[in-house]
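Since every read-out is calculated from the coordinates, none of them should be taken as a lab result. Remember, it's a predicted structure, so these values are computed and weren't measured experimentally. Please note: Cβ atoms are built from the backbone with ideal geometry, for glycine as well, and neighbour counts cover all protein chains shown.
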Amino acid sequence: GLTSAALFFIVGSIYDRYGTRNIFELTGMLRSQPDLAFLLCVSLLADAGIPVSLSFVSELILGVTLSREARWFMFLSFSSTFLISTLASFWVINRVVWGSDPSRTPPPPFFPPLDPSEWFVILTLLISNGILGLATYPLVY
């Protein structure tokens with residue numbers, strides 16, 4: 001929910017600045033847009049299910065329930081899809097945020113920084129994701 005909304009908003013901001021949504025054309029965002037790169041990293045990690053996010057709580061509850069109630073096939077399929085999605089998030093972070101060797105790529109063009117309304121929307125989504133993730137911890141433990 002909230003993490004997906006933040007990711008869609010960040011991808012829209014990237015599209016406004018770079019003019020493309022093609023992952024293979026985006027590289028080294030940390031050098032040209034450090035604030036947007038940081039928010040993309042936080043959103044992708046929250047989507048991957050790091051603790052203190054709602055994704056972590058839902059994946060933990062789903063994993064525990066499947067390991068207790070369902071067949072092992074369901075638990076193994078859940079675990080493998082969780083692993084694949086986490087690896088995909090790390091691949092995007094490596095490709096888009098860090099990019100290739102800076103000595104091999106030309107310096108990035110100048111892009112305008114995030115404006116206050118973009119900061120407000122993204123931070124509201126990410127902070128509420130963290131607050132709701134922390135609020136549900138007593139339900140899990």
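Within 12 Å, Cβ to Cβ, of residue 13, how many net charges do the neighbouring residues add up to if Lys/Arg are +1 and Asp/Glu are -1?
-2
Can you give the calculated 222 nm mean residue ellipticity of the chain, where each DSSP H run of n ≥ 4 adds -39,500 (n - 2.57) and the sum is split over every residue, rounded to the nearest 500 deg cm²/dmol?
Counting only the DSSP helices, I get -22000 deg cm²/dmol.
Using a 7 Å offset from the Cα along the Cα-to-Cβ direction at both residue 98 and residue 60, what is the distance between the two label points in nm, to one decimal?
Going from the residue 98 label point to the residue 60 one covers 2.7 nm.
With a cap of 14 neighbouring Cβ atoms within 10 Å, and only residues DSSP puts in a loop, list the GluC sites (Glu not before Pro) found in region 1-73.
Qualifying residues, ordered by number: 25.
Kindly state, to the nearest 0.05, the FRET efficiency for residue 74 paired with residue 16, given R0 = 30 Å and r defined as their beta-carbon distance.
Given R0 = 30 Å and the Cβ-Cβ separation, E is 0.15.
For region 1-72, which chymotrypsin sites (Phe, Trp or Tyr not before Pro) pass both filters: DSSP loop (anything but H, G, I, E, B) and at most 14 other C-beta atoms within 10 Å?
For chymotrypsin sites (Phe, Trp or Tyr not before Pro) across region 1-72 that sit outside H, G, I, E and B with at most 14 neighbouring Cβ atoms in 10 Å, the list reads 24.
Please return the longest stretch of the chain lacking exposed loop sites, where trypsin sites (Lys or Arg not before Pro) count only if DSSP places them in a loop and at most 10 other Cβ atoms lie within 10 Å.
It runs 1-70.
Net charge around residue 113, counting only other residues with Cβ within less than 11 Å of its Cβ (Lys, Arg = +1; Asp, Glu = -1)?
Here the charged neighbours net out to -2.
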